[in-house]
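The values are calculated or read from the model by the stated rules, or taken from the named source; none is laboratory data. All values reported here derive from a predicted model rather than from experimental measurement. Neighbour counts run over all protein chains shown; Cβ positions are idealised from the backbone, glycine included.
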Amino acid sequence: MIRLATPEDAAALTEIYNHYILTTTVTFETELLSQEQMRRRIEEISAEGPYFVHESGGCADGYCYAHRLGQRAAYEGSMELSLYLAPSSTGKGIGSELMGKMIEECRTRGYRALFCLVTDDNEASKALCSRFGFEKVGCLKAAGVKFGRPLDLGYYELLL
C-alpha cells in the first residue's frame, strides 16, 4: 500500500536511510540522521511536494519524495525525485510502484519535469529510471567522494 508520509514515519524512514548512508554511495550523506532530523525533513519536503511511503504488513518498507530542483523562482515545476527501499524489500517491484505513483502525482500537480540524480555505480536506480522513460541528460564527474573514492553523478530527466 502506498500512502502519504507523516512525521510518525520518522523512525522507520531513518532506519532505511541510515542503511544507505553507512553502506552505499546511493546518497552522498556521510553522517547518520537522527529520527528528529528525519521528522523535520518529512515535514519540510511534504510542505512543498509529494512524499509517499510504501507499507507492507503495517511496516514502512520504502519511500519516495519530490522536492524543487532548485530554490530560485525559475525552477518551479522542476522536481528532484529520491527513492529508498528497505534492504529486504529490493527486487520486489516496490521501487516501481513508488516511482509510478510519484510520476502520476507530479503530472497531476502540473509539474514540468522530474530529475533523478544517480551515482554512476548505482545500476538498480539507473535501470529503474530507464524503465520509466527517464533519459540521462548529463554527468558531473567526480561530484562527490565517499569511502575514499570519487563518484560521478548522472542527471536523469523525465519531461512530464
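Could you tell me whether TYR84 is in contact (Cβ under 8 Å) with a residue 60 or more places away in the chain and not hydrophobic (A, V, I, L, M, F, W, C)? Here the answer is yes, as TYR84 does meet what is asked. In the set GLU44, GLU31, GLU8, GLU36, only one residue is over 13 Å from the mean Cα position of the chain (by Cα) and under 23 Å from CYS106 (Cα atoms); that residue is GLU44. Entry remark, the range 119-153: residues being in a helix (DSSP H, G or I), of a type in the set (Gly, Ala, Ser) and over 19 Å from HIS67 (Cα atoms) number 3 in total. Taking the criterion of being under 18 Å from ARG112 (Cα atoms), buried (at least 22 other Cβ atoms within 10 Å of the Cβ) and among the hydroxyl-bearing types (Ser, Thr, Tyr), the residues of the range 48-88 that qualify are TYR51, TYR65.
When each of CYS116, CYS106 is tested for being buried (at least 16 other Cβ atoms within 10 Å of the Cβ), at pLDDT 95 or above and part of a helix (DSSP H, G or I), the lone residue that passes is CYS106. Taking the numbered list (1) surrounded by 13 or more Cβ atoms within 10 Å (Cβ to Cβ); (2) touching a strand residue (DSSP E or B) at 6+ places or on another chain (Cβ under 6 Å); (3) among the aliphatic types (A, V, I, L, M) in turn, ALA124 passes all entries but (2).
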